[in-house]
Every structure is written in structure tokens, then in C-alpha cells.
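Reviewing the structure listed below.
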Amino acid sequence: MAASVREKQAAALKRMLNFNTSPLKNTAAEPVWKVLIYDRFGQDIISPLLAVKELRDMGITLHLLLHSDRDPIPDVPAIYFVMPTEENIDRICQDLRNQLYESYYLNFISAISRSKLEDIASAALSANAVTQVTKVFDQYLNFITLEDDMFILCNQNKELISYHAINKPDIMDTEMEAIMDTIVDSLFCFFVTLGAVPIIRCPRGNAAEMVAVKLDKKLRENLRDARNSLFTGDNMGAGQFSFQRPLFVLADRNLDLATPLHHTWTYQALIHDVLDFHLNRVSMDESVGSEASPSGARPKKKNKKSYDLTAADKFWQKHKGSPFPEVAESVQEELDTYRAQEDEVKRLKSIMGLEGEDEGPISSISMSDNTAKLTSAVSSLPELLEKKRLIDLHTNVATAVLDHIKSRKLDVYFEYEEKLMSKSTLEKSLLDIISDPDAGTPEDKMRLFLIFYITALQPPSETDLDQYKKALLETGCDLSSLNYIKQWNLFSRVMNSGSQFVMEGVKHLVLKQHNLPVTRILDNLMEMKSNPETDDYRYFDPKMLRGSESSTPRNKNPFQEAIVFVVGGGNYIEYQNLVDYTKAKPGKRVLYGCSELFNAGQFIKQLSSLGQK
Amino acid sequence: MAVDITVLFKASVKTVKTRNKAIGVGFDLPKEEIFKKSRPKHGFSLKAKEVISNITKLKDFLLQHRKDYVNAGSLISSDLTRMTDNERDQIDQDAQIFMRTCSEAIKQLRSEAEKQVIPTQIREHRGAVLDLIEIYLRGVCKLYSEQRAIRVKRVFEQENQRLVSEMSNLVDEVRQIEGKVVEISRLQEIFAEKVLMQETEIDSIHQLVVGATENVKEGNEDIREAIKNNAGFRVWILFFLVMCSFSLLFLDWYDS
């Protein structure tokens with residue numbers, strides 16, 4: 001079974017933590033202790049993949065940030081996992097001079113340049129520490145894997161490559177170049193870790209095309225360099241992509257601005273939308289009372305609690321894409337099963353307690369049964385406790401989400417937006433919802449209106465627009481994002497003739513299985529369907545000897561694996577849509593990536609700041 | 001896939017060295033390198049490494065003798081490789097003492113480390129190191145206890161076997177006895193039958209005998225009577241005769 005990107009990245013990390021050799025399977029091996037030093041980038045990469053306990057199991061006694069005060073521990077090897085930036089290199093040189101550790105294993109998240117390597121060399125020479133620098137590695141792990149099939153580029157400094165940064169009107173060429181380089185570097189690392197050279201398709205005329213060109217160039221250069229190529233032999237793995245190369249679809253955020261603003265109904269996307277959710281960790285205020293009003297009128301004793309939603313949490317893996325009502329039911333079911341098991345254990349306990357006194361025929365017959373049952377109960381106790389913890393976790397999270405839904409009437413927004421996006425008839429007028437004081441925060445109303453504006457076939461007339469604007473202003477919305485959307489809309493309408501925002505409704509149930517634009521594009525490209533939207537996409541194959549400007553793909557077979565990357569930012573709604581699409585097509589694998597992950601609130605902020613310019 | 005650029009690094013070091021030599025900035029390398037090599041390792045890590053090497057020794061020892069200990073069930077094991085139970089007990093004891101000493105050593109290190117005044121990071125580091133050593137020790141103990149469990153299981157199995165064979169012997173004997181008892185009871189039945197039959201006969205004999213005795217008694221009486229009668233009859237005859245004779249005599253006298 002092919003290893004997912006997450007497994008590959010985790011395996012690479014574990015190998016690195018084992019002094020760059022393969023970890024032994026022998027459980028009773030001598031412990032070797034080490035210290036892990038990382039910068040914030042390294043921390044963000046490691047934290048979704050390895051828990052602190054796993055680090056401990058691998059012998060890491062301390063894990064510290066590079067730019068913190070660190071005491072010398074002179075008889076311990078240190079493993080560094082940092083980005084090769086100026087300040088990091090300086091700090092490493094300082095560490096070498098201060099002789100903090102016994103030996104140094106330097107691992108750079110992306111490739112380090114020759115000059116910086118020489119800086120370290122000279123610092124090592126001056127500190128007489130050359131022999132202490134035991135190994136230096138380029139890890140090519142400059143991306144963060146959140147799920148088996150989802151990755152983002154970075155969490156630190158994401159403003160530098162945000163939607164805002166890419167699309168601001170006064171951007172300079174040098175800035176754009178820098179942004180593109182960052183993105184391409186991460187994507188390159190991603191493909192090195194994946195061990196495959198993709199076929200790249202991208203639309204014309206936007207940031208995605210620039211990224212594609214650069215990436216193609218970088219891959220091509222690396223493949224030509226036969227001595228140092230990273231895509232040879234053992235990297236290709238055990239035939240993961242043996243027959244076919246994967247398809248890499250680059251999309252630009254600008255092709256679909258409505259989806260990031262959409263109110264959603266699936267569990268993971270909801271958590272990302274209403275709660276504070278970063279790098280698979282949810283942080284929420286846990287108030288003692290259970291009535292949480294969004295305005296916090298009576299703040300009860302609140303303490304912040306954070307929960308990790310990991311791959312080991314089976315409930316989460318099963319339900320993160322389910323609609324919220326299903327999740328609530330499932331939590332209840334899990335709770336019931338847990339209670340049943342708990343009762344079973346209690347019953348056994350009481351039977352064993354009575355067994356000495358009661359000499360009735362029943363107990364004597366089932367004696368051997370009981371011993372076996374008791375053993376199984378005892379061994380399943382840790383499982384039960386873990387299950388309880390997870391159930392509590394999800395109950396808390398789901399309750400918090402439910403509170404938000406109830407107070408902001410998010411279900412109303414969801415339904416309305418679904419109707420807007422699928423162009424079915426509207427029952428309530430938009431104005432009613434906007435003027436309704438109970439339904440949602442000003443941000444929610446702004447989102448709704450923006451979706452309306454974007455998806456409308458014709459822009460609304462001036463009078464209507466003014467009406468809406470007035471209503472929005474009354475409720476306290478900030479209209480600068482609208483300005484930006486207007487400009488964008490004009491621009492895009494000039495570029496594309498047809499309405500690009502049509503969702504196909506497959507089933508007419510309450511939660512329709514729509515294909516969002518990104519999914520649609522992927523479908524066309526993966527299945528080699530002809531569609532006016534995607535026929536114009538450029539085609540890059542880094543393995544071909546000569547780059548061509550044509551858009552005709554060379555092979556006509558549908559792809560089995562694909563990676564979708566959205567330049568400018570993505571969110572869980574698109575991810576979930578892709579996951580659903582993949583589920584319907586067995587044998588196909590789709591990975592989703594984006595330059596940053598934002599929820600609707602953060603996206604509106606970016607739009608507002610763009611609109612204010 | 002990670003790329004090892006250590007070689008590149010070493011090359012950079014050479015480049016910088018030559019560059020420095022060219023510029024005229026030199027460093028005294030040889031002496032200090034020698035000094036560096038003999039840098040003393042601090043007490044804590046020395047002791048910790050000692051404990052670890054001890055535990056490793058124990059582990060090797062256990063693994064070495066594991067095959068013999070467990071007596072891996074080959075039918076052709078020669079007497080040389082077989083362990084007596086005494087030897088096994090010895091190993092058990094030794095291993096236990098060893099484990100206890102190791103955990104004592106760990107505890108000691110821990111208390112020592114706590115007493116020392118050292119910066120937090122080093123304290124944390126040492127705590128974590130001791131945790132790791134403990135986990136290692138626990139792993140090795142688990143090896144030992146697994147071995148022991150197999151042995152104990154084996155012993156129980158042996159005892160089981162023995163008990164089973166004893167029981168089966170008993171069962172055989174009991175069966176034999178049972179057979180014999182059955183025979184005896186059958187014979188006894190037959191005897192009882194016969195005895196019962198004899199009883200009736202004896203009864204009848206008894207009756208007969210009683211009747212005979214009575215008859216004899218009556219007979220005796222009859223004889224007595226008969227004798228009496230006889231005697232009386234004789235008297236009468238005698239009298240008659242005497243009378244006749246007298247009558248004759250009278251007659252004779254009369255006629256005379």
C-alpha cells in the first residue's frame with residue numbers, strides 16, 4: 001500500500017531524529033539521548049506529525065527553540081532542524097563558538113546555499129568544532145502535512161505569501177519574485193519527499209502560471225543534473241507511482257472567491273470556521289456554565305483549553321467530513337457504547353466480588369469464563385479510558401460549535417448560500433436576512449452578501465446595491481471588502497466571457513453533492529475531459545527534453561493520482577469536496593495543498609485591506 | 001528524500017582553511033584538538049552510561065541463555081545444553097538482584113541530580129535521560145519476566161503432565177478394583193440365592209424333624225402304654241390261668 005505524504009514526511013523526520021540512519025525495529029535497544037533544536041518553521045512541521053511522547057520515545061530529552069536561551073549541555077548530541085536563513089545560521093555559529101553541545105547534526109529544512117555553508121564552516125574552524133559537526137543534511141521538508149492527503153506551505157510568516165500579498169495592486173516585481181520563489185521551493189521539497197515528478201497543468205495569466213513555470217524549470221534543472229538528481233532510483237520508492245506520474249493542478253484563488261466565504265456544514269470545516277483551529281489543534285475557552293453567548297455578556301470563569309485532533313483519533317478520522325447533525329448523533333452513539341462497556345466492566349467487578357460467597361451453581365459454572373472476561377476487561381481498560389477522553393473532547397468541541405451555530409443561525413446562512421451557489425430559487429429575500437438582527441454577526445452577513453454578489457449572473461442594479469449597502473452598514477459591516485470584490489469582478493468578467501461559477505447539483509437532497517469549481521477543474525483534467533474552461537490550460541512535463549508551449553497533453557489516459565494546489569490560499573471546504581469526489585472514484589488518489597489555510601473571517605480581513613487600497 | 005551534504009561541508013571547511021591561510025589568519029589547531037578529544041565527560045553522563053552498559057550486560061546475558069533456559073523443545077537436545085532447574089533458579093536470582101541494583105542506581109542518580117544546583121534545561125534533560133534508562137530497564141525486565149513466564153508455564157505444564165499421568169494411573173487401578181468388586185458382588189448374589197434355597201430345605205427338614213420327634217414321643221408313649229397294657233394283659237392271663245387251674249382243682253376236688 002503506497003505510503004501517504006504524511007507517512008513519508010514522518011518517516012523522514014524519524015530517520016533524521018535517529019542521526020540520519022534508519023531506526024531499528026528492536027524495541028529493547030539501548031537508549032541514546034539527544035537534544036532537538038528547531039526554529040518556528042521546524043516546530044510547525046514537526047508538531048502535526050510527532051507528539052511529544054513520540055519524541056521522548058526516540059530519545060529526545062529536550063526540544064528547544066533555536067532563538068531561545070539555551071544552557072550548555074556538554075555531553076549530549078544535538079540535532080538541529082532549521083531553515084537556512086541568515087539569523088538561524090548566525091545563531092548556529094554562535095552555538096558552535098559557545099560549545100553548547102557535544103556533537104552537532106545539522107538538518108536544513110530546505111537546501112542551504114554554498115556561501116552559508118561556508119559561514120558555518122568558518123565559525124566551526126574558529127571554534128575548533130569541525131569534528132563536532134558530525135553530519136549536515138538538506139532535508140527537503142519545507143511543507144506542513146496536516147492530513148494524509150492535505151498539506152500547506154507554512155504557518156510562520158504566512159502573510160508574506162498570503163492572498164493579500166499576491167494580489168495587492170501595488171506589488172513590486174521583486175516582491176512577486178520572492179513570493180514565487182518561496183512557493184516553488186516548498187513545492188519542490190514536496191515533490192522530492194513524494195518521490196515523483198508530476199505533469200503540471202495550470203491556467204493562463206495569473207500567479208498559478210508563474211508558479212508552474214518556475215516549478216517546471218526547477219524540476220527540469222534538477223533532473224538534468226544527473227549527479228545530484230533527487231529523483232533517482234531509491235527515491236522513487238516501491239513503485240508508488242510506478243505506472244503513471246501524478247497530475248499536478250495549479251489553481252489560483254481568484255477563480256473561486258465564493259468558496260472561502262461559504263458557511264459550511266461539515267465537522268472539520270465548521271471547527272475551522274467558528275473555533276480557533278491551527279495545525280490540527282483546537283483552542284477554545286472552556287467556560288464553567290454552558291450558555292456561551294458570543295458577546296460574552298456574563299463571562300464566567302474561562303480557561304483556555306486546547307485539543308489535538310490527530311490521526312490516531314478514530315472518531316475524528318471517521319467523522320471529520322460528516323455533516324454536523326451526523327456528528328452529534330455519532331458522539332451520542334459512541335457515548336452509549338462506552339457506557340455499555342463500562343457497565344460490563346462494573347458487572348464483572350461485582351461478579352468477582354460475589355464469587356467467594358455465593359456458592360450457587362451459576363457462579364461455579366461460569367468461573368473460567370469470568371477469568372477470561374476479567375483479563376480482557378483489564379487489558380481493554382486503557383483503551384476505554386482513551387475512548388472516554390476522546391468522547392469528552394469531541395463533546396466539548398461539538399458543543400462549542402453548536403453554540404456558535406445556534407447563536408448565529410449558521411444553518412440559515414448555509415442553506416441560503418447553497419441555494420445561491422447552485423442557482424436555485426430563493427425563498428427569502430437577501431435583504432430580509434441582512435436586516436434580521438438575530439441572525440449572525442456582521443461578518444456572516446458580509447459573507448452572504450459577497451457570495452450573492454459573486455454568484456449573481458448580472459451585477460445588481462445601482463439602486464438595489466445601495467439598498468443592500470445601507471442595510472449592511474446599519475448592521476455594522478465593513479464594506480471595504482466589497483470594493484475589492486467589485487474591482488475583481490469587473491476584471492474577471494472582462495477576462496472570461498461565460499459565467500464561471502456554476503455548480504453541478506447531482507442529487508436533490510438536503511446536503512447536495514456539489515462539485516466546487518476546483519473539484520470540477522480537477523475532474524476535467526484528471527479524466528482528460530474536454531471542457532472550454534480547462535482546454536486552455538498549459539501543459540508542463542519536466543521530464544521532456546524540450547519545454548513546449550502547447551496545451552496538448554501527450555498521453556490520453558486518465559490519471560490515477562493527482563495533486564491540487566491553490567495559490568493564494570485554500571480551506572477545508574474545498575478539501576472536503578475533493579475528499580468526497582475521491583471517495584466516489586475508487587482507485588484514485590487526490591492530494592490537496594494550498595499556500596496558506598484561512599477561514600472566512602481571515603479571508604474577509606484580507607479582502608478588506610485589499611479593498612481599502 | 002534527505003541529501004547528505006556533510007562532504008560538501010567538509011569541502012567548505014577546507015576552502016575556508018586555505019582561504020584563511022592565504023589571508024594570513026591562522027588558528028592553532030593541533031594542540032587544541034588533542035585537548036578537545038580528552039575533554040572530561042561530566043560525572044552524570046558517565047554514571048548514566050555505566051548504568052546503561054550494565055543493563056545491556058544483563059540483557060545480553062539473558063538473551064544468551066534464553067535458549068537453554070527456555071529449553072526450546074528440541075527432542076535431540078544433548079545433556080550439555082540442558083539446564084537443571086537449579087541453574088535456572090540461579091539465573092532467576094541473579095537477574096533479580098541485578099535488576100534491583102540497577103533500579104537503585106537509577107534512583108540514586110535521580111536524587112543526586114535533584115540535589116545539584118543546575119540550570120533548568122540541564123535538570124529537565126537529566127530527568128528525561130533517567131526516564132529513558134528506566135524505560136530501557138523495564139524493557140529488559142520484561143524480557144526476563146517473559147522468559148520466566150515461559151519457564152513457569154513450562155513447570156506448570158510439567159506438573160500438569162505429572163498429575164495427569166498419576167490420575168490416569170489411579171483411574172486404571174480404580175477401574176480394576178471396580179471390576180473385581182463387580183465380580184464379588186455377583187458371586188455374593190449367587191451365594192445368597194443358594195443360601196435362600198437351602199433355607200427352605202432346612203425349614204422343611206426342621207419341620208420333619210419336629211414331627212419325627214413328636215411321633216417318637218407318641219411312639220414312646222404308645223409303647224409305654226403297650227407295655228402297660230402288655231403287663232396288665234399278662235396279669236389277666238395269669239389270673240385266668242390261675243383261676244382255671246383253681247377251677248380245675250376245685251372240680252377235681254369236687255368230683256373226688
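At-a-glance table
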item: Enumeration of residues in the stretch A:270-284 that are surrounded by fewer than 19 Cβ atoms within 10 Å (Cβ to Cβ) and more than 20 Å from A:Leu410 (Cα to Cα); result: A:His278, A:Leu279, A:Arg281, A:Ser283
item: Of all residues making up the stretch A:572-583, the number that are in contact (Cβ under 8 Å) with a residue 12 or more places away in the chain, open to solvent by 10 Å² or more (accessible area, probe 1.4 Å) and either touching a Ser or Thr at 6+ places or on another chain (Cβ under 7 Å) or farther than 23 Å from A:Ile199 by Cβ (or both); result: 5
item: Residue identified as in a helix (DSSP H, G or I) and open to solvent by 100 Å² or more (accessible area, probe 1.4 Å) among B:Leu208, B:Leu163; result: B:Leu208
item: Residues that are open to solvent by less than 70 Å² (accessible area, probe 1.4 Å) and assigned to a loop (DSSP other than H, G, I, E, B), drawn from the stretch B:106-158; result: B:Ile118, B:Pro119
item: Scope the stretch A:415-442; condition buried (at least 19 other Cβ atoms within 10 Å of the Cβ) and assigned to a helix (DSSP H, G or I); matching residues; result: A:Tyr416, A:Glu417, A:Glu418, A:Leu420, A:Met421, A:Leu430, A:Ile433, A:Ile434
item: Every residue from the stretch A:83-120 that is polar (S, T, N, Q) and closer than 15 Å to B:Asp4 by Cα; result: A:Asn107, A:Ser110, A:Ser113
item: Residues of the stretch A:487-502 satisfying the condition of being surrounded by fewer than 15 Cβ atoms within 10 Å (Cβ to Cβ) and modelled with pLDDT of 70 or more; result: A:Gln487
item: Within the stretch B:93-147, tally of residues that are of a type in the set (A, V, I, L, M, F, W, C), touching a residue at least 60 places away in the same chain (Cβ under 8 Å), farther than 16 Å from B:Leu46 by Cα and facing chain A (nearest Cβ under 8 Å); result: 2
item: Pairs where the first residue, in the stretch A:600-613, is open to solvent by less than 40 Å² (accessible area, probe 1.4 Å) and the second is modelled with pLDDT under 85 and assigned to a loop (DSSP other than H, G, I, E, B), C-beta under 6 Å, 6+ apart; result: A:Ser608/A:Asp478
item: In the stretch A:321-353, the residues that are of a type outside the set (Gly, Ala, Ser), open to solvent by 20 Å² or more (accessible area, probe 1.4 Å) and within 24 Å of A:Phe277 (Cα to Cα); result: A:Pro323, A:Pro325, A:Glu326, A:Glu329, A:Gln332, A:Glu334
item: Any pair with Cβ under 9 angstrom, 6 or more apart, that starts in the stretch A:124-135 at a residue that is touching a residue at least 12 places away in the same chain (Cβ under 8 Å) and more than 7 Å from chain B (Cβ to nearest Cβ) and ends at one that is in a helix (DSSP H, G or I) and not charged (D, E, K, R); result: A:Ala127/A:Cys93; A:Ala127/A:Leu96; A:Ala127/A:Asn98; A:Ala129/A:Leu96; A:Ala129/A:Ala123; A:Gln132/A:Leu96; A:Gln132/A:Ala124; A:Thr134/B:Thr6
item: Residue check for A:Asn167: open to solvent by 30 Å² or more (accessible area, probe 1.4 Å) and without any contact (Cβ under 8 Å) to a residue 12 or more places away in the chain; result: no
item: Matching option when the condition is within 18 Å of A:Gln132 (Cβ to Cβ), surrounded by 16 or more Cβ atoms within 10 Å (Cβ to Cβ), within 10 Å of chain B (Cβ to nearest Cβ) and at pLDDT 90 or above, among A:Leu36, A:Leu106, A:Leu66; result: A:Leu106
item: The stretch A:222-244, subset open to solvent by 80 Å² or more (accessible area, probe 1.4 Å) and within 29 Å of the chain's Cα centre (by Cα), residue modelled with the lowest pLDDT; result: A:Ala238
item: The lone exception for A:Lys14 - which of (1) free of Cβ contacts under 8 Å to residues at least 24 places away in the same chain; (2) part of a helix (DSSP H, G or I); (3) not hydrophobic (A, V, I, L, M, F, W, C) it fails; result: (1)
item: Among the residues listed as A:Ile183, A:Ile200, the single one being in a helix (DSSP H, G or I), within 22 Å of the chain's Cα centre (by Cα) and more than 14 Å from every other protein chain (Cβ to nearest Cβ); result: A:Ile183
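Each row is one residue, and each column tells you yes or no for (1) modelled with pLDDT under 90; (2) acidic (Asp, Glu); (3) in contact with a helix residue (DSSP H, G or I) (Cβ under 6 Å, 6 or more places away or on another chain).
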{"site": "A:Asp57", "(1), (2), (3)": "yes, yes, no"}
{"site": "A:Ile73", "(1), (2), (3)": "yes, no, yes"}
{"site": "A:Tyr80", "(1), (2), (3)": "no, no, no"}
{"site": "A:Asp138", "(1), (2), (3)": "no, yes, no"}
{"site": "A:Asn142", "(1), (2), (3)": "no, no, yes"}
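The values are calculated or read from the model by the stated rules, or taken from the named source; none is laboratory data. All values derive from a computational prediction rather than experimental measurement. Positions of Cβ are generated from backbone atoms using ideal geometry, with glycine treated the same way; all protein chains shown enter the neighbour counts. In case anyone asks, the SASA skips ligands and DNA or RNA and just uses the protein heavy atoms, side chains included. Shrake-Rupley method; radii C 1.70, N 1.55, O 1.52, S 1.80 Å.
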